[in-house]
1. Starting from segment 48-70, take each residue that is within 18 Å of Gln3 (Cβ to Cβ) and list its partners that are in a strand (DSSP E or B), counting only C-beta distances under 8 angstrom and pairs at least six apart or across chains.
2. Go through Thr121, Thr94 for me and flag whichever is among the hydroxyl-bearing types (Ser, Thr, Tyr), at pLDDT below 95, surrounded by 11 or more Cβ atoms within 10 Å (Cβ to Cβ) and under 19 Å from the mean Cα position of the chain (by Cα).
3. Could you check segment 101-118 and list, in sequence order, the residues that are part of a helix (DSSP H, G or I) and open to solvent by 100 Å² or more (accessible area, probe 1.4 Å)?
4. What is the number of the single condition among (1) surrounded by fewer than 12 Cβ atoms within 10 Å (Cβ to Cβ); (2) in a helix (DSSP H, G or I) that Ala42 does not meet?
5. Among residues belonging to segment 26-39 that are over 14 Å from the mean Cα position of the chain (by Cα) and of a type outside the set (Ser, Thr, Tyr), point out the one that is surrounded by the most Cβ atoms within 10 Å (Cβ to Cβ).
Amino acid sequence: MFQIDPKQPIPLYEQIIQQVKEMYAKGLLKPNEKLPSVRELASHMVINPNTVSKAYQELERQGIIATIRGRGTFIVKQDIKPAPPTDITRLKDTLKQVVINCYYAGYFKNDLIEWLEDIYTEMEEIADED
């Protein structure tokens, strides 16, 4: 389900957060779908449970998941709203790195615009299904 790369400069808990958000955006995780417990996911990924717990706490703070005591952790239906200012800097830094990688791979502004339009079309189709 989730895959992390300890060699990346992105902390492991942030990789989990990004993957949950990406899987939701792609429709791979649906509202009310149960996520693995902290212990299950930590065991599966062979990482410290505190790392998973930190990711889940942040996802819950952002309103992406909810934990129901005795039942588990579930995806919450998302009303898309702008990211808080603290997240905007991180998002811009991530986008900048993608643009740099694309540039040095021989892909330029027109390619990126086309890809963004395709991605947004896919996301709107998924949102319409909910």
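1. Tyr56/Leu35; Tyr56/Ile65; Tyr56/Thr67; Tyr56/Thr73; Leu59/Ile65
2. Thr94
3. Hits for segment 101-118 are Tyr103, Tyr104, Lys109, Asn110, Glu114, Glu117.
4. Tallying (1) surrounded by fewer than 12 Cβ atoms within 10 Å (Cβ to Cβ); (2) in a helix (DSSP H, G or I), Ala42 fails exactly one: (1).
5. Val38
Each row is one residue, and each column tells you yes or no for (1) at pLDDT 95 or above; (2) of a type in the set (D, E, K, R); (3) on the phi < 0 side of the Ramachandran plot; (4) open to solvent by 50 Å² or more (accessible area, probe 1.4 Å).
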residue: Val52; (1), (2), (3), (4): yes, no, yes, no
residue: Gln62; (1), (2), (3), (4): no, no, yes, no
residue: Thr67; (1), (2), (3), (4): no, no, yes, yes
residue: Gly72; (1), (2), (3), (4): no, no, no, no
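The values are calculated or read from the model by the stated rules, or taken from the named source; none is laboratory data. Predicted model, so just to flag it, every value in this text is computed and none were measured. Ideal geometry is used to build each Cβ from the backbone, glycine not excepted, and the neighbour counts take in all protein chains shown. These area figures cover heavy atoms from the full protein model, side chains too; ligands, DNA and RNA do not enter into them. Shrake-Rupley method; radii C 1.70, N 1.55, O 1.52, S 1.80 Å.
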